[in-house]
Each structure stands twice: as C-alpha cells, then as structure tokens.
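**Student:** Before I ask anything, let me first share the structure, which is written out below as structure tokens.
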Amino acid sequence: MSLITSTSPHATVKNNTGAFMRQVIYATLPGLAVLTWQFGWGSVINVLWAVIVALVSEALFLKARGRNIAFYLKDYSAVVTAVLLGLALPPTAPWWLTLIGVSFAIIVAKQLYGGLGMNPFNPAMVGYVLLLISFPVAMTQWLAPGEPLSFVQSWQLFTGQLPVDGLSGATPLDTFRTVQSSATDTANALANQGILHGQFAGLGWEWVNLAFLLGGLYLISRKIITWHIPVGFLAGLGLPALLAWLIDPVRFADPLFQLFSGGAMLGAFFIATDPVSAATSRTGRLIYALLIGVLIWVIRSFGGYPDAVAFSVLLLNLSAPFIDYYTQPRTYGHKSSNRGVS
Amino acid sequence: MSQAQTNKTRKTRSVFARLTSGIRRPAKIHDFHGGIHPPEMKHLSNGTPITAGPLPQQLILPLNMHIGAPAKPLVAPGDKVLKGQMIAEPIGAVSAAIHAPTSGTVSAIGPRPIQHPSGMDAVCIVIDTDGEDQWIEHQGTIDYTEKSPAELVDLIRHAGIAGMGGAGFPTSIKVNLGDHQRVEQLIINAVECEPYITADDRLMRERAEQIITGIHILQYLLNPRRTLIGIEDNKPEAISAIKRACKGCDIEVRVVPTKYPSGGEKQLIQLLTGKEVASGQLPAQVGVVCQNVGTAYAIKRAVCDGEPLISRVTTLTGDGVSQPGNYEVLLGTPVRDLLAHGNLAGLDIGRLVMGGPMMGFTLHNPGVPVVKTTNCIIAASPEELPEPPPEQPCIRCGSCAEVCPANLLPQQLYWHAKNDDLEKAQHHNLMDCIECGACAYVCPSHIPLVQYYRYAKAEVRQQAADQVKADKARQRFEARQARIEQEQAEKEARRQARLEANRKKKEAGPTAASTVDVAALKQASLDASKAYKAAVKAAKAAEAEGADNLAELKAEADRLKAVADKAKAAVRDAKDGAPVAAAPAEDTVAKLKKQVGDASSAYKAAVKVAKAAEAEGADNVAELKAEADQLKAAADALKAELREAKTNAPASAAPVTQADPVAELKKQVGDASSAYKAAVKTAKQADEDGADNAADLRAEADRLKAVADQLKADLRDAKANAPASPAPVAPTASTAAAAEQPDPVAALKKQVGDASLAYKAAVKAAKQADEDGAGNAADLHSEAGRLKAIADQLKVELRDAKAAAPPTPKAAPATTATTDSPAVPEEQAPQSLAEVDPEQAAKRQKRLKGLKTAYNMAHKQYKEAHAAYERAERNETASADELQAMQGKIDKLKAKADNARDALDALVEEAKADIRAHTGKDLKTLKLEAARAESALADKQQELEQQRSSASEDTLEALSSELQALESETQIARKALKQAVEEQGLAE
Ligand code: SF4
Ligand code: SF4
C-alpha cells in the first residue's frame, strides 16, 4: 500500500484556471458574432491572428525562462488576453498592428512581470494603449456600422492590400465628440444625427454592447465573475451621465447612449473584471469599478479621446493595491476590518 | 434511558425554563459568510446500522489522544488489565484518563506511530488482547442528580472523555465553568458537515434517547438558559429521531441548511445564535458552550452506565472498502485491522484519510490506531481522491474569499505567507483562519492554501514562543545573578561588620586602623553595589516586560541598595581612620588604586558592551548605557577617594621619604612628554589606518600634552622655589623645619608614581591601539580620562606643596614649639586656641576681604583689556601705537592682579600657619578629624541599630557607651574645626 500523504483538503473542485479562462472566451462569442454582423469579418480575423501571436510569444518566452510550455499555455490566460485585444481593435486593423499590440501585451505587460498572476496591469489594455498612442490613425478607423465587409475585403484590409481610407467612418462616440465640440454648428450636427440614433443608443453599437452584456451575464451566472465589477463599472459610468444629461441634454450624451457605446460592456464584463489586476475584496472591487466608470465618463465628456476604457482601467490597476489595503473585509470575530498595510 | 430518569430530569429543570420553552417564537437560523457544497458522499456509509468493530490482537493507546498534557501511565509492561480499567491517569488540569478498551496484557509502553498529521511517533500503551473482553467491575449512577456537579465533572474527567468531534478537548474542562459564567446557550453539535462522515448521523438515528440523557447531564452541569441541537438538513432520519427523543423537554432541535463548514464551532454558534466569538476568545466568553453529540453520548455512558470512554463510532468509508459503514471501534484499534474488518475492496488505496476529506489528514502508515477523535477513516482509490493537480499561479480570482467562513482574504494571506511576510499575514488576520479548507477546495489554481496557512501560523507561534523563552531565560539568569551577588555581598558585609566590631572593642579607639580591613571592606562595598545594580537592571527588564514579579524584584533591589550603602559607609569609615593610624597608609593608597583600576576597567567593559549593543541595534542599549554611567560614577567616586587618601598619606608617612622635588618633577616631566609622544604616534598610526578612533586618540594626545606642559610649568616653578625654601631652613637647621620639610617631598614622590602610572597606561593604550587597529576607542577614552584625573590631582598637590614650602620658614620662627610633629600635641590644642588674639583675627579677616576684592577687580580689568586688545588686533581698528599702548596697559593690569593674588595667597597661608601654630594641626587635618569622627559615629549608630534585635544586653550596652564616647569625640572635633576656621577668618 503506497499511500499519498497530502494536506487537507483532500478534495478540490474539478474546475481549474484553464476552465475559468475558457469560459471567458466562450462568453465573448456573442459579441464577436455581432461585431461580424455589423462590420464584417475583420474582428474574427483579428481575434484569430491575435491568438496565434499570443501563443507563439508566450511559448517563446516560456522557453526562454525555462518553463514547462504546455503546462502554462493550458491556463489559457494568453488566449484570453489575445481575444480581448483582438475584439478591442478596429476591424480594419492590419496584421502588423495586432502583432505589435499582442506581443507587447504578452511579453512586456505579462511575462516580464513574472507571468500570470504577477502582472499589475491588464495586459490587453497595455497593448491597446501602446497602439493607440503609437498609431492613433490606424486605431481609430472604424467602419460604418451595418455595412459589413465581405470576408475578402476584410482579408485584404488585414493584409494591407486594401487602403482603409475609403471605407472607414466615424463611430457614434467620435461623432458625438464632434457634435459636442461644435454644438453651435447645427448643420454639421444634423448631418451626423443618423449615426447617433440607433434603436436605443449609437447605431450598430447598441447591438454589439448588448451582445457583450449577454456574455457577461453568462459569466456571472457561471460564477466566473461576481457582479461587483460590472455593476460598479456601469453605475460609475451611467450615474454621472444621467446627472449631466438631466442638467444639460445638449452638451451631454444620455446614459443609455453612454452605456451602449464603444467598449462600455466589453470593458465592464471582460476587461475590468480581469482578476489579476483588479482589486481583490468585494468592496474593493465595487469601488475599483465605480472609479473606472466615472473616469470613462469624464474622459469621454471632457477628455481628448472618444473612448477611455483602456486608460481608465490602467489607471485603476495602478490604484488596486491601495484600494485593497483599505477595503479588507471584517473578519469573523473582529469588531471592525483592518485598515492599512500593517 | 428509562422513563423515570427522564421525568426526574425534567423535574430538575428550572421553572423558568419550562415556562419560557412554551412561548418561544420559531427559531431563526442565521447565516455565516461563505461556505461550500462539496459532494456529500454520505450515502456510502449511512445506510447500514452501527456494528461492532474488530477485536484486534493488539491495541495501541497513545497517551495524548486529547488536547493537553499526556496522561500518565498507571501500568507497566506485563501487567494484566481488564476492560475499562484505567491505565493512565490525567495529569494537570487539561488532560484526560485512558482506559483499557478490552482485557489483556500490557506488552509495551513506548513510541508508536500515531494519528498526528506529521506522521510522528508518540508514547503509547500497547495491550495484547486476550479475547475474553472481561470487564472490570463498574457501576453506573441511576440518578445523576444525586451527585454534585463537581463529582460529575470529576467522573467525566476520570472517564477519559474528550471532545469527540475532532479537536479532542477534555470535556471536564468545558463543563466546569465556575459559577460566575452564565451559560446562555448549550449547543449540541450534530451538524456533521464534512463529506463522507456519518458516524453522528447513525448514532442519532439509533441511540437518540441516550444522547438526550447525555445532554440532560450537560444541562445539569451547566444550567444553560437554552439548549439547542444543530443538525444539517441532509439527515432527516436523525432529525426525526432526535425530535422524537426530546419531545416534551426543553431541548430545541434546529435544522441548519447543508453547507460546509456549518459544523465548525464558531460557524454553528453564528448559525444558531447570531453571535460571533471574538477573535482569540472562547465560546464561553459569549455565554455559549458547544458539545458534540458523540460527547453527549459518551457522557451518558460514563455517568449512567459507568463505562469509561473505550470505544467510539467511526465511519469506515471510501471506495477502497467493500463494506463501508459505521463501526463501534475500540480505541487503539490499528486502522489496518479496521480496514480488514471492512473488507478491503482489493482496490489500490491511494489515500488513507483519518477524519473528513476537508480537515482530516492522511495516514502514512495503516498501523496508526483509532483514537478518541477519529470519526472517520476514508480509504480512497486514486480515482476517488485523485492526487492534487499541480499548483498554478494565483489569478486573484477571489473565489477563495467568496467561500471563506471567517471572511478572510485567503488570496492575500497566501501571498504574504508565501513571501514569508508574517507581519502582513497577521495583519490580514491569519490567526483567525480555522483551516476549514474551503478556500483550497474552490481554488481553480489548486493551490494548497491551508498548507501555507499552517506553515505561516506555525512560524508565528514559533516566533512568539522563542520570544517568550528568551525573555524568561534572561529574567531567570539575571535574577539568579543578582541573588548570588547579593548573598556574597551580604556575607562579606556581615563578616566585615563582625571584624570591625571586634577590632573596635579590642582597641577601644580609632588609633589603629587596619589597611587590610579597608581593602576588604572596599571589596564588600563594590560587591554590594554591583549586586544592587544587577538587581535594578533585572527590575527594569522585568518592568519593560510587564513581568509580575516586579514588586519583588524592586524590593530586592532596595534591600541590596541598603546593603551597598552600609558597605560603603564601612569603607569610608575605615578609610578615614586609616591615614591617622600609625599603620602604613601607603598600603591603603595602593589598595585604593587597584580598586580604582578595577572600577574603571569595569566601566570600560560596560562602555564597550553598550557600544557593541548599540551597533547591533539591541534594544537594551539605554539600559547598558545607564549601567556604564553608574559604573563611571562609582569609578569617579573611588578616584576621588584615592585622591583624598593620597593627600592624607603624605601627612602620616611623612618621615619615610626624603628626595629632591626638582629631580622628581623632572622625571615626571620626562615621563609625561614621552607619554604624549607615544600617544601622538598612536594617533598618527590610527589616522593612517583610517581607524575611526583616530579622533579620540588625537584628543588624548592633546590632553597628554597639556599634562606635560603643566608639569613643565610646575617644574619651572619648583626650580625657582627650591633654592628659596632650603635657604632659610638650612641656617637654623631647626628640627621643626626638618620635620615639616618632608611633607611636600613625600607628596611629590607620590606624584612620580602617578605620572609613571599614567605613562604606563598611555603606552599600554598605544600598544593596544597598535594591535587592535580600531574599536578600542572606548578604552583609550577612559584611559585618557584617568590620566587627566591624575594630572589634575598632581596639579592640586603640587600647588599645595609649592604654597606650603615658602611660608614654612616664616611660620617656623613664629611658632615657639620645637616639637612640631604633626600628629602629636593633642592636649595643647585647646590651650593654644584660647590664646588666639581675637583682634588680630578680625583684622586679618578684613584684610582678606579687601585683598580678595582687589584681586577680583584687577583680574577683571585685565581680562577686559586683553579682550579689547584682541578685538582691536583682529579688526585692525587700532594703529600699531595704540596697540602698543594697550599692551602696556594690559601688562600693568596683569601685574596688579598678580600682586593682589600674591598678597592674598600670603595672607591665607599666614592664617593657615596660625591655625597650625595654635592647634598643632593644619586645617586639613582638623577637617579630616571632624569627618572621621562623624562617620565613626554614624557607623556605630548603624551597628547598634543592627545589633539591637540580635545581640545580647552586654553587647548593646558596650555599643551604646562606645557610641556616647564617639559622639562627644565628634562634637569636640567639630568644635575645634569650626573655631579654627572662624577665628582665622577663613570661613570661605
Ligand atoms: S481561489 Fe486560488 S486562484 Fe483564486 S484568488 Fe484564491 S488563491 Fe488565488
Ligand atoms: S481555511 Fe482559513 S482562509 Fe481558507 S476558507 Fe477556511 S478559514 Fe478561510
């Protein structure tokens, strides 16, 4: 009888981190489908290419660090990063853009910090911000919603054979910025009214966001994420928007528009929820997400960029340890929770 | 349990409880944070009734099946034992007895592998069973209410009952709370929340009545306001059985939802009462006592049936056995035998777990025995309980925090524990983790979190224990040291006191002080004060640690101080006596010198220790420094005494030496300057080596130079005086002058010794510095200090000698007495005092005053002029002529001041000479005499005080007459001194 000696507990959930990550990937599928429906095959190509780049970069780096490649690839964390970045990139993105963004995200933002669990910043967002700063034009060229490109067109965009200029158009958030900054220029405003009015938010984007919302709800139902971050995020974005809109409906977009435009839902359910770089206690997460939401609204309304999920998330990643220190739960048998470091 | 018993029990319940039991609203079940729902796996074993376990060939009974002190064996190998016979008795408060589970022979008492998670061995009593299972005579109690609670507690203790739920805390302690502690709720834990285990479930289904009787006994002992039984809702049969059994009595059955770990004591308390047990406290502190159902059953068996705890119901389960179920297993049954009894399924057993899958531990050896806390044995194939998957990185998903029943942040605890950051882990309340394993169960990265926490907790406890141990050891050591020193000092002081008394009695006067006594006394004094200091230190340390023997230590310190003071007084006394005595005073001086050396080296050592401690950042630096300061003070005091003794010595040892002061001074100067040179060399060397005591060394060199310069100046002066002083003496060649002359010479002789001592010390310091390179700054420092002290002293003495030399010839003719030896004409003194011309004295007094003022004025003017001159020179505000004029003025002023001082000095000396002429003693001698008389008096008084209780009447009488004599002597001395001083106008 050769007996295993181990410490309690002697049973654990069958679940593992890889399964966790796979659930996240599955949950992005509705969003990816709607993106494809609205803009053509660009996003699918992006995501697939990003996954390949991510796996190769991760494998190379693991090899360099002398780690067990298969074991670590199976945690699917690199794939999740790649999928999220692929979804965030415009469908017009050429291959090199994705290559740079994803490899930077994996190698610099994740592996150089020590790999999974050690990265203080959300790798996908680090990659995204790098690209946004380095290639602002390429990163803001979206297609007009509702007019999907054929697979061939998308592929040609991807390989760079097709110039993007003729096809690209403004997103609702872009348009709103333009309208907002030239509020007196009614002619211009009127000309752009169309894109601002989809069924209940910006044209086309309302469906994209709805799809991510669905995916997010699935994650909550599967207990992959808790409600704290999405709710905090959406409240942080929606409440100031509601308040401002009630005060000045001309200058400020309505809350529904804010919540269903750009990367709001993707950010709320998939990006801000990255556990590694988020705050860790429940209250901490609520505060963390709330601040992200508020920051997004502030940047969207007053800042220089049309959308701000990436910036806001990175900024709060930076504050997460601090938030953690001040939001420890009250332990059983203690009168109050501990504060501060020690 | 019989119906009669139940009725009886019911009658004893308080009226209040019966009244309130009827009107209670439906109980609210609270909730606790977190928790998990692992697969229950109870169906494996809960379908069949409890059956008897095997009767193995050998039973192995560990002496510590419970928490607390191991029981003490009452049997020896070879002894025959009967079933139920106590084979080990409880030792100390927290302990439980052990009984033979069956009849047989004790075959060994020794280490065997036991049920410890670390797989360690422990002392066990091994019984070879005889198969007869023969009971010892035993008898139950029909009506336990006839026994007092204290009797029942004792019965429980001697029945060996310990918590059967898992921890094994001796039950006798938990049911014996004392009167002041009101038990609000008695909670019977029948939750059994761990997967697989069904022992309590089956017990409740089959023996509910007996359990209820056990609970009644607990109620009788604890008198709780309410009694609650908590059962998980996945045991419906057990619930209905218990409900049936306690129908009509004030026991409330509470069904709690199935969730792990609702069977945890704290969690169950929260579920049933909503109360939280404060961190670090016991449930009793919130008025709750928890007992396991199995324990209640064991209590019933012990009290009502007289059967001690010798068996228990254990679940044998897992897919490794083909007949899983519950067995009534004799304690000490090796798991191997139990497995065989349950028919090994022939499967490969991967893990053998004692306890549940969440909190149990794996057995490395199937020979480990079943003990009082063994509620379950899981023999699982690798498929059923697979090896844990490899650990992945923590992704901070927070699942663990979601399920933690203590509401901790397991991910943060893990992070800190892994990084060995115990402080932060404790800040995250590591110690409140109940090790339930819920966090590790849900962790998707399969991190063995609990293992990390156990490790970190053990580290924390270890550190705390180490700290306590170190503190205790230090305290003990210091106390012991202080005690030893005190004892020695006291012994020595007693001896000295005896000697002193004898001596005084014998000689009936202070004329023959023994120098040996002085040395010995000195030693005693040193010892005593050392003991005192040690005691003070110990007291301080104790105070810092809040030790509770503080008062004691302080009292001891005070006592020691008294001893030290006494010893010091004795020394002072002896010393004062010494110079006047005929015995060679130089001996005393030498002794004193040695003591000074000892004291200052003690001081040095202390300084060094303090420095080292400081460098290491030790926290007793302040203490050490204080000690060093104390030592320094002691050394200084000794030095002062030495100086005094030395100045006295010449007076008595006068006739011994005859030497040329100039030659001696020359030699001295040579010594000092070579000391200076050596010091300079050392300093330079140190500079080169970059030693950090270079500055110290240089300072020392400077000091030495100053000494040498001073000595040179003295030499010059002496040379100038030398021709003058012998001149007037030589022609008269009076015996008086000859007798007086040797005084300064002797003093100078002493100084030579000192100077060469200083020289040697400096050379030694230099050598030491050479060898050590650095780090002996402290030594050199204090050495330099000593040199300085000696130099100062030299100066003082030399000045005295110088001053005394010139007026002597003047005084000699003035005195008519030719037999002017210093220690002689005592009877003449009052006579000559009476002859003093008061008018003359008054005149001199006036002149003295005038001269003093004149000198002060002149000196001040000179200083001011000098400062003005320097200012002018520095600022270049005055022309060369003006400067010259100023210089001239300064010179004049200086001359004036010098004149005034000379006149003053002359006058003072004149006055002194007058005193000598009138009393036959100089002022110093008078002063000394007075002081000595006073301290002798004080000493006698003390002695008398001491002896009052112990000595015989005769001794006391003798002592008091001695005291009286001393008193009058003192008074005379005091008066003589006062008179002399006043008469001569030297009051200041
Ligand atoms: S459950 Fe495991 S992976 Fe998740 S936060 Fe806790 S320790 Fe980390
Ligand atoms: S083992 Fe400790 S940290 Fe983990 S869930 Fe239980 S109490 Fe919480």
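**Student:** Take the conditions at positive phi, within 14 Å of another protein chain (Cβ to nearest Cβ) and part of a loop (DSSP other than H, G, I, E, B) and apply them to residue A:146. Does it pass?
**Tutor:** no
**Student:** A further question on this structure: Looking at segment A:20-89, what helices (runs of 4 or more DSSP H) fall wholly within it and have at least 3 residues that are more than 15 Å from the chain's Cα centre (by Cα) and of a type in the set (A, V, I, L, M)?
**Tutor:** It comes to A:42-64, A:69-73.
**Student:** Looking at B:325, B:355, B:346, B:350, which one is at pLDDT 85 or above, over 20 Å from residue B:49 (Cβ atoms) and among the small types (Gly, Ala, Ser)?
**Tutor:** After ruling out the rest, the residue left standing is B:355.
**Student:** Follow-up question, since we're still on this one. Which numbered condition in (1) more than 29 Å from residue B:327 (Cβ to Cβ); (2) more than 7 Å from every other protein chain (Cβ to nearest Cβ); (3) in contact (Cβ under 8 Å) with a residue 60 or more places away in the chain is the only one that residue B:435 fails?
**Tutor:** (1)
**Student:** Take the residues in segment B:349-388 that are within 25 Å of residue A:117 (Cβ to Cβ) and away from ligand 1 (no atom under 16 Å from the Cβ); name whichever of them is least open to solvent (accessible area, probe 1.4 Å).
**Tutor:** B:386
**Student:** Can you name every residue in segment B:360-406 that is assigned to a loop (DSSP other than H, G, I, E, B), within 16 Å of ligand 2 (Cβ to nearest atom) and outside the structural domain of residue B:61 (by TED's automatic domain parsing)?
**Tutor:** Hits for segment B:360-406 are B:388, B:391, B:394, B:396, B:397, B:398, B:404, B:405, B:406.
**Student:** Looking only at segment B:247-292, count every residue that is open to solvent by 30 Å² or more (accessible area, probe 1.4 Å), more than 14 Å from chain A (Cβ to nearest Cβ), more than 25 Å from residue B:373 (Cβ to Cβ) and not in a strand (DSSP E or B) and tell me the total.
**Tutor:** Summing the residues that are open to solvent by 30 Å² or more (accessible area, probe 1.4 Å), more than 14 Å from chain A (Cβ to nearest Cβ), more than 25 Å from residue B:373 (Cβ to Cβ) and not in a strand (DSSP E or B) in segment B:247-292 gives 3.
Yes or no, residue by residue, for (1) under 20 Å from residue A:14 (Cβ atoms); (2) in contact (Cβ under 8 Å) with a residue 24 or more places away in the chain:
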{"position": "B:375", "(1), (2)": "no, yes"}
{"position": "B:380", "(1), (2)": "yes, yes"}
{"position": "B:386", "(1), (2)": "yes, yes"}
{"position": "B:395", "(1), (2)": "yes, yes"}
{"position": "B:412", "(1), (2)": "no, no"}
{"position": "B:425", "(1), (2)": "no, yes"}
{"position": "B:431", "(1), (2)": "no, yes"}
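**Student:** Can you tell me which of (1) at pLDDT 90 or above; (2) under 17 Å from residue B:334 (Cβ atoms); (3) within 14 Å of chain A (Cβ to nearest Cβ) is the one residue B:106 doesn't meet?
**Tutor:** Only one criterion in (1) at pLDDT 90 or above; (2) under 17 Å from residue B:334 (Cβ atoms); (3) within 14 Å of chain A (Cβ to nearest Cβ) is unmet by residue B:106, namely (3).
**Student:** I'm trying to understand the selection: among the residues of segment B:139-178, which are in contact with a Leu (Cβ under 8 Å, 6 or more places away or on another chain) and outside any loop (DSSP other than H, G, I, E, B)?
**Tutor:** Scanning segment B:139-178 gives B:144, B:149, B:152, B:153, B:162.
**Student:** In segment B:333-341, is there at least one residue being surrounded by fewer than 22 Cβ atoms within 10 Å (Cβ to Cβ), within 14 Å of chain A (Cβ to nearest Cβ) and in contact (Cβ under 8 Å) with a residue 60 or more places away in the chain?
**Tutor:** yes
**Student:** Can residue B:276 be described as more than 16 Å from ligand 1 (Cβ to nearest atom), in contact (Cβ under 8 Å) with a residue 12 or more places away in the chain, over 30 Å from residue B:139 (Cβ atoms) and assigned by TED's automatic domain parsing to the domain that holds residue B:135?
**Tutor:** No; evaluated as a whole, the condition is false for this residue.
**Student:** Looking at segment A:250-275, which of the residues that are open to solvent by less than 10 Å² (accessible area, probe 1.4 Å) and in a loop (DSSP other than H, G, I, E, B) is nearest to the other protein chains (Cβ to nearest Cβ)?
**Tutor:** Ranking the candidates gives A:272 first.
**Student:** In segment A:278-294, what residues are surrounded by fewer than 24 Cβ atoms within 10 Å (Cβ to Cβ) and more than 16 Å from ligand 2 (Cβ to nearest atom)?
**Tutor:** A:283, A:286, A:287, A:290, A:291, A:294
**Student:** Among what's in segment B:399-424 and is among the small types (Gly, Ala, Ser) and more than 7 Å from every other protein chain (Cβ to nearest Cβ), pick the residue that is nearest to residue B:444 (Cα to Cα).
**Tutor:** B:399
**Student:** Condition check: more than 9 Å from ligand 1 (Cβ to nearest atom), at the interface with chain A (Cβ under 7 Å from one of its Cβ atoms) and either modelled with pLDDT under 90 or within 22 Å of residue A:119 (Cβ to Cβ) (or both). Does residue B:391 satisfy that?
**Tutor:** Spelling it out, it is not the case that residue B:391 is more than 9 Å from ligand 1 (Cβ to nearest atom), at the interface with chain A (Cβ under 7 Å from one of its Cβ atoms) and either modelled with pLDDT under 90 or within 22 Å of residue A:119 (Cβ to Cβ) (or both).
**Student:** Restricting attention to segment B:450-473, and to residues there that are hydroxyl-bearing (Ser, Thr, Tyr) and without any contact (Cβ under 8 Å) to a residue 40 or more places away in the chain, which single residue is nearest to ligand 2 (Cβ to nearest atom)?
**Tutor:** B:452
**Student:** Check residue B:472 against each of (1) under 30 Å from residue A:15 (Cβ atoms); (2) more than 7 Å from chain A (Cβ to nearest Cβ) and name the one condition it does not meet.
**Tutor:** Residue B:472 satisfies all of (1) under 30 Å from residue A:15 (Cβ atoms); (2) more than 7 Å from chain A (Cβ to nearest Cβ) except (1).
**Student:** Name every residue in segment B:422-449 that is of a type in the set (A, V, I, L, M), open to solvent by 10 Å² or more (accessible area, probe 1.4 Å) and more than 10 Å from ligand 2 (Cβ to nearest atom), in order of residue number.
**Tutor:** Those that are of a type in the set (A, V, I, L, M), open to solvent by 10 Å² or more (accessible area, probe 1.4 Å) and more than 10 Å from ligand 2 (Cβ to nearest atom): B:422, B:431.
**Student:** In this structure, is residue B:72 surrounded by fewer than 16 Cβ atoms within 10 Å (Cβ to Cβ) and at pLDDT 90 or above?
**Tutor:** So residue B:72 passes the test.
**Student:** Here is a further query. Quick one: which of B:914, B:902 is at pLDDT 75 or above, closer than 30 Å to residue B:853 by Cβ and acidic (Asp, Glu)?
**Tutor:** B:902 is the lone residue from the list that is at pLDDT 75 or above, closer than 30 Å to residue B:853 by Cβ and acidic (Asp, Glu).
**Student:** So residue B:455 clears everything in (1) open to solvent by 30 Å² or more (accessible area, probe 1.4 Å); (2) touching a helix residue (DSSP H, G or I) at 6+ places or on another chain (Cβ under 8 Å); (3) within 7 Å of chain A (Cβ to nearest Cβ) except one condition, right? Which one?
**Tutor:** Among (1) open to solvent by 30 Å² or more (accessible area, probe 1.4 Å); (2) touching a helix residue (DSSP H, G or I) at 6+ places or on another chain (Cβ under 8 Å); (3) within 7 Å of chain A (Cβ to nearest Cβ), residue B:455 violates only (3).
**Student:** Among the residues that make up segment A:80-96, is at least one of them within 14 Å of chain B (Cβ to nearest Cβ) and surrounded by 20 or more Cβ atoms within 10 Å (Cβ to Cβ)?
**Tutor:** yes
**Student:** Which members of segment A:8-41 meet the condition of being open to solvent by 50 Å² or more (accessible area, probe 1.4 Å) and at the interface with chain B (Cβ under 8 Å from one of its Cβ atoms)?
**Tutor:** Hits for segment A:8-41 are A:15, A:16.
**Student:** Which of the residues spanning segment B:440-479 are of a type in the set (D, E, K, R) and within 16 Å of ligand 1 (Cβ to nearest atom)?
**Tutor:** B:454
The values are calculated or read from the model by the stated rules, or taken from the named source; none is laboratory data. Note that this is a predicted model, so its numbers are computed, not measured. Cβ atoms come from the backbone with ideal geometry, glycine included; neighbour counts cover every protein chain shown. Areas reflect the complete protein model, heavy atoms only, side chains present, ligands, DNA and RNA absent. Shrake-Rupley method; radii C 1.70, N 1.55, O 1.52, S 1.80 Å.
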